[in-house]
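Just below is one structure, and these are the notes that go with it.
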Amino acid sequence: MTPEWKTTPSGKLRGKALGLPFEGISGPFNAITDVAGVSVGYLTLISGDGPLKQSHGPVRTGVTAILPRPRDQIDKPLFAGFFSLNGNGELSGTHYIEETGKFALPITITNTHSCGIARDATIRWAVEYLAERYHDDFALPVAAETYDGFLNDINGFHVTADHVIAAIDAAHGGAIEEGSVGGGTGMKCFGFKAGSGTASRMVNYAGETFTVGVFVQANFGTRRHLTVLGKNIGADPDLPQMHEATRDTELSSIIAIIATDAPLLPHQLKRLARRATFGIGKTGGMATHGSGDLFLAFSTANRDFSPGAVRTARFVPDEDIDPFFEAVVQATEESILNAMIANETMIGRDGNLVPALPHAAVKTAFGLGD
């Protein structure tokens, strides 16, 4: 039986199934869910074909929900840090994270024009699920977006509050699907079909083993820059090209969510989030003017944030943080490639076509054969 970290639950091949020689040691599922207590849920919307009829479709979109704690602890804050490599995008809640170094509640990721409803629906979910906690209090949840208007009727506003709540309710641990699912449904990367991707790395430090998990919604990059583990394959003229019935504006972005069970403080998590930059750069991304490259890192390690007393927090000294930086870089790079490899060609609005990244071309670049 193929190990779960080589395929998605539906059987789609991931990067390691092609034999790609990734660095580092992955967790059991090679996913953000390898961090204990973290779960991921999707709601995918695919319907209609042919010419765009605003509000009617075609629809190629969805919602991703990442729960940083188990449901019965979801209102408990976590230390967090945020970094914007290029700010042509949205990730809500960042002012509060910058101010206090913490956040709570599910993280949602969707398309650009549904980010607000994802945020608001998360609050509605919290009010209903945690009625006593949010009876007379505020919530500033994290909601993020990337643009899927090349394939999707983005101005049709097809994502509803019920869809967001369904994604949150669907969240689970273990192996998770990748590719054209959830918020990543209508996304593309380096001119190939992309979307949702994940990976993890294990870090041994001071006699303990910690996990760093990354989840990306990848929607960026120019074809000629695509690089797989140091080999530029995007410049190959024989690779399939996108078919554009309408002009592709190349609006490009990536959201990266980094989870760890290592005890890190907010300023350290901001440093961790910043290192996603290098994983993206290794694939050929360069944060173009129109790109929203927004990264959030959080730690599940410290748990007692209640007021009324002096609290104690564990942390890794800054001088020892380099292995965690390396884990972020490795897992971000692999997450992006998994989002492309575990995918299929998609045709969306107006007949716009985004081809799948050919597995054979990737294997040939590394001399892996059939």
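Regarding the range 49-58, can at least one residue be identified that is modelled with pLDDT of 95 or more, assigned to a loop (DSSP other than H, G, I, E, B) and surrounded by 20 or more Cβ atoms within 10 Å (Cβ to Cβ)?
Taking the range 49-58 and keeping what is modelled with pLDDT of 95 or more, we get 49-58.
Applying the additional criterion that residues be assigned to a loop (DSSP other than H, G, I, E, B) yields 49-52, 54-56, 58.
Checking the rest, the ones that are also surrounded by 20 or more Cβ atoms within 10 Å (Cβ to Cβ) come to 52, 58.
Yes, there is a match, as at least one residue in the range 49-58 is modelled with pLDDT of 95 or more, assigned to a loop (DSSP other than H, G, I, E, B) and surrounded by 20 or more Cβ atoms within 10 Å (Cβ to Cβ).
When you scan the range 342-356, do you find a residue that is within 16 Å of the chain's Cα centre (by Cα) and either over 30 Å from residue 56 (Cα atoms) or in contact (Cβ under 8 Å) with a residue 24 or more places away in the chain (or both), even just one?
yes
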So the check is Cβ under 9 Å with 6+ separation or different chains; which pairs have a first residue in the range 306-320 that's farther than 12 Å from residue 265 by Cβ and among the charged types (D, E, K, R) and a second one that's modelled with pLDDT under 95 and in a loop (DSSP other than H, G, I, E, B)?
311/302; 311/304; 311/305
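Inside the range 228-244, can you point out the residues that are under 30 Å from residue 112 (Cβ atoms) and more than 24 Å from the chain's Cα centre (by Cα)?
Correct list: 235, 239, 240, 241, 243, 244.
Are any of the residues in the range 113-131 in a loop (DSSP other than H, G, I, E, B) and over 27 Å from residue 50 (Cα atoms)?
Yes, the range 113-131 has at least one match.
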Checked the range 135-172 for anything within 23 Å of residue 296 (Cβ to Cβ) and either of a type in the set (Phe, Trp, Tyr) or in a loop (DSSP other than H, G, I, E, B) (or both); matches are 137, 138, 139, 140, 141, 142, 147, 148, 159, 170, 171
Search result, residues across the range 321-353 that are of a type in the set (Asp, Glu) and closer than 26 Å to residue 229 by Cα
322, 326, 333, 334, 344
Kindly indicate the residue of the range 348-369 that is hydrophobic (A, V, I, L, M, F, W, C) and under 16 Å from residue 22 (Cα atoms) and also modelled with the highest pLDDT among those meeting that condition.
362
Flagged pairs (Cβ under 7 angstrom, 6 or more apart or on separate chains; first in the range 213-233, modelled with pLDDT of 95 or more; second part of a loop (DSSP other than H, G, I, E, B) and β-branched (Val, Ile, Thr)) are 213/35; 213/38; 226/233
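Among the candidates 97, 25, 66, single out the residue that is of a type in the set (Val, Ile, Thr) and in a loop (DSSP other than H, G, I, E, B).
Checking each option against the conditions leaves just 25.
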Here are some conditions: (1) closer than 22 Å to residue 272 by Cβ; (2) in contact with a helix residue (DSSP H, G or I) (Cβ under 8 Å, 6 or more places away or on another chain). Residue 208 meets all but one. Which one does it not meet?
(2)
Based on this model, can you work out whether residue 101 counts as modelled with pLDDT of 95 or more, more than 25 Å from residue 252 (Cα to Cα) and of a type outside the set (A, V, I, L, M)?
yes
For the range 191-227, which residues satisfy the criterion of being surrounded by fewer than 24 Cβ atoms within 10 Å (Cβ to Cβ) and either within 22 Å of the chain's Cα centre (by Cα) or not in a strand (DSSP E or B) (or both)?
191, 202, 203, 206, 207, 210, 222, 223, 224, 225, 227
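The values are calculated or read from the model by the stated rules, or taken from the named source; none is laboratory data. As the structure is a prediction and not an experimental result, all values here were calculated from the model. Cβ: placed from backbone, ideal geometry, glycine included. Neighbour counts: every protein chain shown.
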